[in-house]
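Engineer: Dumping the structure here so I can ask a few things about it.
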Amino acid sequence: MGITTEGTCVNCNNDMETRNHLFCRCTLVIRLWKSILSLNGLKNATSSWDYMVTRASSTWKGKSLLTIILKVAWTIYVYILWEERNYRIFKDRHRSTEDLLKVIIEVVRIQLKGRNINRADKTNYNLCIAWGLA
Ligand SMILES: [Zn+2]
């Protein structure tokens, strides 16, 4: 496309833009992923893309509400970070971590709207409260 970049991350301007940096190490994404995990009652540091993918594929199994939310949130997380990168490069438009989190929460809510959730389960109940699922 004739676009030349220096290879620096446009989200933080502090490091080279690698897959690891863009999705796991950038200051923008560390807070974002921690916020997503926190909404799920989880804690986990983002160490590397390979670690995140390996952990997701080995632990996010079954059809629990937590697993569904993690899969949906992860998909949106990856999409929105790539979108944010492109917004900053091509549209000079910047969103904060909080803005990105709001979008992720809204998409999770839309994806789960109308789903029959067993709220008698304490974990599900807490997830419904955290994610604002009616
Ligand atoms: Zn960065």
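Engineer: Please state which one of Lys63, Lys34, Lys91 is basic (Lys, Arg), over 28 Å from Gly132 (Cβ atoms) and more than 14 Å from the ligand (Cβ to nearest atom).
Structural biologist: Checking each option against the conditions leaves just Lys91.
Engineer: Which number in (1) at pLDDT below 95; (2) β-branched (Val, Ile, Thr); (3) assigned to a helix (DSSP H, G or I) marks the one condition that Thr67 misses?
Structural biologist: Unmet condition: (1).
Engineer: Every residue in the stretch 96-134 that is polar (S, T, N, Q), in contact with a Leu (Cβ under 7 Å, 6 or more places away or on another chain) and surrounded by fewer than 16 Cβ atoms within 10 Å (Cβ to Cβ), please.
Structural biologist: Thr123
Rundown of residues vs (1) exposed (fewer than 12 other Cβ atoms within 10 Å of the Cβ); (2) over 11 Å from the mean Cα position of the chain (by Cα); (3) closer than 24 Å to Glu106 by Cα; (4) modelled with pLDDT under 90, yes/no style:
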{"position": "Val10", "(1), (2), (3), (4)": "no, yes, no, no"}
{"position": "Thr18", "(1), (2), (3), (4)": "no, yes, no, no"}
{"position": "Lys34", "(1), (2), (3), (4)": "no, no, yes, no"}
{"position": "Thr54", "(1), (2), (3), (4)": "yes, yes, no, no"}
{"position": "Ser58", "(1), (2), (3), (4)": "yes, yes, no, no"}
{"position": "Thr75", "(1), (2), (3), (4)": "no, no, yes, no"}
{"position": "Glu83", "(1), (2), (3), (4)": "no, yes, yes, no"}
{"position": "Ile89", "(1), (2), (3), (4)": "no, yes, no, no"}
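Engineer: Applying the selection to the stretch 36-52, what residues are under 21 Å from Val107 (Cβ atoms) and either modelled with pLDDT of 90 or more or not polar (S, T, N, Q) (or both)?
Structural biologist: Once the filter is applied, which keeps residues that are under 21 Å from Val107 (Cβ atoms) and either modelled with pLDDT of 90 or more or not polar (S, T, N, Q) (or both), the stretch 36-52 yields Ile36, Leu37, Ser38, Leu39, Asn40, Gly41, Leu42, Met52.
Engineer: Now for a separate question. Can you find a residue that is surrounded by 14 or more Cβ atoms within 10 Å (Cβ to Cβ) and among the basic types (Lys, Arg) anywhere in the stretch 36-45?
Structural biologist: Within the stretch 36-45 (the criterion being surrounded by 14 or more Cβ atoms within 10 Å (Cβ to Cβ) and among the basic types (Lys, Arg)), the answer is no, since none of the residues qualifies.
The values are calculated or read from the model by the stated rules, or taken from the named source; none is laboratory data. All values derive from a computational prediction rather than experimental measurement. No Cβ is skipped: glycine too gets one built from the backbone with ideal geometry, and neighbour counts run over all protein chains shown.
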